[in-house]
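Readers should treat all values here as calculations from the given coordinates under stated rules, not as data from a laboratory. Just so we're clear, the structure is a prediction, and the values are computed from it rather than from any experiment. Please note: Cβ atoms are built from the backbone with ideal geometry, for glycine as well, and neighbour counts cover all protein chains shown.
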Amino acid sequence: MSSLPTKRSLKLLFVSTSVAGCFAMLFLMYFEPSTSWLLVPVNSTKPSDRVRNICSYKTNENLTTLLIWSWPFNLNYKLNVCSAKYNINGCFLTADRNLYNISDGVFIHHKLISNLSYLPPNQRPPFQKWIWMNFESPSHTSKVPGIENLFNLTFNYRRDADIRISYGSIQALDGEQDFVPPRKDKLVCWIVSNWREYHFRVAYYNELRKHIKLHMYGRHFGGRISGENYTTIMTSCKFYLSFENSIHKDYITEKFFKPLSVGTVPVVLGPPRQDYERLIQGDAFIHVDDFASPKELADYLLLLDKNEEMYLKFFDWRRYFEVKKNAPWDLRTCIICNHLRRYKEYKTLNLHKWFWDK
């Protein structure tokens with residue numbers, strides 16, 4: 001018959017088990033794993049940082065975690081700014097893909113999606129939302145097969161996006177101010193890089209130049225213009241051709257906001273006039289749709305060139321408003337995280353139908 005365990009043997013067993021458990025915990029916390037067994041690629045985050053991030057998340061159930069799957073336009077920026085810099089509390093931003101399984105949202109830039117293998121694992125946590133970000137028009141956005149029903153939220157320039165981000169905005173001043181446009185030595189200018197002979201805007205330009213002198217800049221006209229030269233040229237012109245590369249709902253880019261900001265009148269070719277008037281009053285710009293032909297537009301611009309009183313009326317809005325710069329990327333990411341915190345409903349978006357079919 002076997003004897004019962006003694007107190008001494010039980011004590012030795014307890015001590016041995018405790019020591020083994022401690023070693024196992026230390027091993028799991030500080031062992032640097034091989035990437036071959038992970039679900040997703042590993043970013044350069046130290047093991048101790050990953051442990052600390054996960055622990056802080058676990059101890060604060062009210063914290064919303066947003067994972068940046070890859071940096072938008074490859075622009076790196078600080079992530080611990082939501083509370084201190086923008087007074088947006090309760091957000092934890094990270095670019096560490098190891099935190100994928102505990103992230104409430106994953107922020108994905110469409111421009112970087114070449115195929116489905118780029119995306120996170122499709123077996124996502126049930127609470128997780130994927131946010132689709134894109135600033136290009138449907139005509140200049142690749143339609144990737146298989147992503148139709150993968151995303152839950154849109155971050156886009158369209159007014160019906162879940163989280164809207166415009167190329168610019170008009171902001172009211174605290175009070176009234178006088179505004180005098182800068183000195184002009186050119187009548188009509190256009191800085192264009194994306195030149196395609198079949199574009200509708202090129203066809204319009206070819207007719208317009210028959211009736212008025214146009215100052216042309218960009219790769220097609222002798223060299224790329226950037227930085228200070230871009231602003232200097234635009235400021236020196238009475239009118240600027242704010243011709244979009246495609247016409248789509250709400251697609252109004254920096255080509256419109258930049259001349260407004262430097263004291264030049266934009267001549268717009270893009271979505272209908274009412275889309276622009278949702279952004280600014282109608283007498284701040286000229287729309288090509290208001291004229292029966294490019295010749296009629298040219299005649300009107302020549303008239304304004306001779307009548308200073310008529311021309312200056314295009315700047316009356318500057319007494320009460322100014323052009324607001326685009327939000328920096330750290331703030332945009334905080335805004336996305338704040339949206340996740342405030343709106344808990346879950347939906348699946350038919351992305352192809354929402355963006356391309358319209």
Long-range amide H partners of V106 with built H, under 5 Å: L67, K129, W130, I131
R0 of 25 Å, Cβ-Cβ distance R159-D283: FRET efficiency to nearest 0.05: 0.65
Fully extended contour minus Cα-Cα distance, from V180 to F73, at 0.36 nm per residue: 34.9 nm
For region 180-247, Kirkwood radius (reciprocal of mean inverse C-alpha pair distance, Å): 12.7
Partner aspartates and glutamates for K111 [C-alpha distance under 18 Å; skip if fewer than 8 residues away on the same chain]: E136, E148
From phi via Karplus (6.51, -1.76, 1.60), per-residue ³J(HN,Hα) for region 300-313 in Hz, x at Gly/Pro: 5, 5, 5, 5, 5, 5, 8, 10, 5, 4, 5, 5, 5, 5
Cβ-based net charge around E308, under 13 Å, with every Lys or Arg adding one and every Asp or Glu removing one: +3
Part-to-part distance (alpha-carbon centres) for region 108-142 and region 321-348, which is given in Å: 17
Cα centre as origin, Lys/Arg/Asp/Glu Cβ charges: region 169-324 dipole, Debye: 660
C189 long-range amide H proximity, modeled H, under 5 Å: H215, F239, Y240, L241
Fewest-first sequence of I252, I163 by Cβ atoms within 10 Å of each Cβ: I163, I252
Lys/Arg +1, Asp/Glu -1 at C-beta; region 169-324 dipole; positive extreme among F314, W195, Q177: W195
Sparse-neighbourhood loop sites, chymotrypsin sites (Phe, Trp or Tyr not before Pro) in region 146-207 - DSSP loop, at most 10 other Cβ within 10 angstrom: Y198
